[in-house]
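Asks: Dropping the structure in here first, questions after.
The values are calculated or read from the model by the stated rules, or taken from the named source; none is laboratory data. Being a predicted model, the structure only gives us computed values, none of them experimental. Heads up, the Cβs are rebuilt from the backbone with ideal geometry, glycines too, and the neighbour counts pull from every protein chain shown. Just the protein is used for accessible areas: all its heavy atoms, side chains included, with ligands, DNA and RNA removed. Shrake-Rupley method; radii C 1.70, N 1.55, O 1.52, S 1.80 Å.
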Amino acid sequence: MGNKERKSRRKVFRLWFSKRRSRADASHLSEISDDDGQDDECMNGLSVRSLDRGPCILNNELRIFVGTWNVAGRSPVGSLAVDLDEWLNLKEAADIYVLGFQEIVPLKPKTVIGAEDPTEATNWNVLIGKTLNSKYGGSWLTPMVNPITNDNYRYDQATESYTRLRSDYEIVSARGQSRTEYKLSDYVGSYKLMASKKMVGVFISVWMRRTLLKKYCVSEVKVSSVACGIMGYLGNKGSVSVSMSIGGTSFCFVAAHLASGEKKGDEGKRNRQVTEIFRRTSFPRLSEDCHKNHPLTILGHDQIFWFGDLNYRLYLEDNLARELIKKKNWSALQEFDQLGKELEDGGVFQGWQEGDIEFAPTYKYSSSNCNRYSGGLPSRAGEKQRTPAWCDRILWHGKGVKQLSYFRSESKFSDHRPVSALFSVLVEDQKCAHSSLVPFPPFSPLHNS
């Protein structure tokens, strides 16, 4: 190295130190902050990187499977495992499974007005757990000592147990509260049930890979329900929702069953129910919450998924709809889709997204074990006349969400076909709680080259 170059480098270092002295006390000279971008530029190729960075936020990718299925009041049976396997698309295993059901009980006065019966929710959770964990993670041991007896609970990471909730949306500390516990030793499997909530026939069940609980802080798991059916307050229609935080990202999953009907103006009833669900869904903050700024409402979350039997129909005569279905002309059929029009016009779900629909309408099939739409010509005695429609839908809202697939399954278990979507989502993983200060290495005299 020549004398001129060495002198130039010494001059640069002296200039840099003189600027540092004018800004800070001598005791802070070994710390470099992000404010020194201009100093880095004057180092003439000798880059000095800031070491006081604040929290380190990494964006990691997770895969979330979201599914919805109106099961027409039928109880799950053992033979349904094959259909469930196809619906859950287990060839492409996800990190999180979020499943929404409608009509897990018949919508009769006794079930709508009477006390909640957890039996069917329990049966569905057992079947889902068995399907997921027999495919990934070995044997599934159905908990017999402490069976899942309640339909409304969430996973508590601190105690590795499930805590029963006292109301539709309330999370209460375990002190003095009756609860159903599930220790890790109760069953074996790769997927853990994180939250479950039933309101009459609407049901949500959220499962997560067990390994994620070690990798991320999963917190503030809460549930909420909104009944907006008969008289605006009965649970034959409405929603059940789950709120949770994974790392630094908040999620909200909303499973809904909206008003039926294909008469002109019925879409207005559905729109009003959507508005009511947004307005009345609440996730109150509690003193024991880890994150004091956890969202209180649906739209306060970073990433939101809304799915279910939304019941939006087609603005199209029955025979014309069936003709387009026969031709598999999905793009032409979508021109008459009510929900598509609402999304386009901003009537509901402003700013929300839905993937391209490249599958046949999912409702209404003639009966179980039948691949024929109900109604049509020639008419059949006792069969309801219904124009086929995409009643079962999955929408999302928020940044860092990418839909990978959107499809229907072909189970003939009910008069609806199950629908599912696979998403790639970005999750903030805050690894560093505090800024780390690394001392600047001491300068040594420049040596001859």
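Asks: How about region 300-316: which of its residues are free of Cβ contacts under 8 Å to residues at least 60 places away in the same chain and not in a loop (DSSP other than H, G, I, E, B)? If you could, list the steps in order and put the result at the bottom.
Replies: Step one: filter region 300-316 for residues free of Cβ contacts under 8 Å to residues at least 60 places away in the same chain, giving 300, 315.
Listed by number, the list holds a single entry, 300.
Asks: Name, by its number, the condition in (1) open to solvent by less than 20 Å² (accessible area, probe 1.4 Å); (2) under 16 Å from residue 116 (Cα atoms) that does not hold for residue 237.
Replies: Residue 237 satisfies all of (1) open to solvent by less than 20 Å² (accessible area, probe 1.4 Å); (2) under 16 Å from residue 116 (Cα atoms) except (1).
Asks: Return yes when residue 105 is assigned to a helix (DSSP H, G or I), more than 24 Å from residue 244 (Cα to Cα) and at pLDDT 90 or above and no when it is not. Walk me through how you get there before you give the answer.
Replies: Details: assigned to a helix (DSSP H, G or I): no; more than 24 Å from residue 244 (Cα to Cα): yes; at pLDDT 90 or above: yes.
When the stated conditions are applied, residue 105 does not pass them.
Conditions tested, residue by residue: (1) within 25 Å of residue 107 (Cα to Cα); (2) hydrophobic (A, V, I, L, M, F, W, C); (3) open to solvent by 20 Å² or more (accessible area, probe 1.4 Å); (4) out of contact with any helix residue (DSSP H, G or I) (no Cβ under 7 Å at 6 or more places or on another chain).
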| residue | (1), (2), (3), (4) |
| --- | --- |
| 252 | no, yes, no, no |
| 255 | yes, yes, no, yes |
| 260 | yes, no, yes, yes |
| 264 | yes, no, yes, yes |
| 281 | yes, no, no, no |
| 284 | no, no, yes, yes |
| 293 | no, no, yes, yes |
| 302 | no, no, yes, yes |
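Asks: Count, please, the residues in region 72-110 that happen to be closer than 21 Å to residue 311 by Cβ, more than 16 Å from the chain's Cα centre (by Cα) and open to solvent by less than 50 Å² (accessible area, probe 1.4 Å).
Replies: 7
Asks: Further, regarding this structure: If you scan region 52-71, which residues turn out to be more than 15 Å from residue 305 (Cβ to Cβ) and either at pLDDT below 95 or open to solvent by 50 Å² or more (accessible area, probe 1.4 Å) (or both)?
Replies: 52, 53, 54, 55, 56, 57, 58, 59, 60, 61, listed by residue number.
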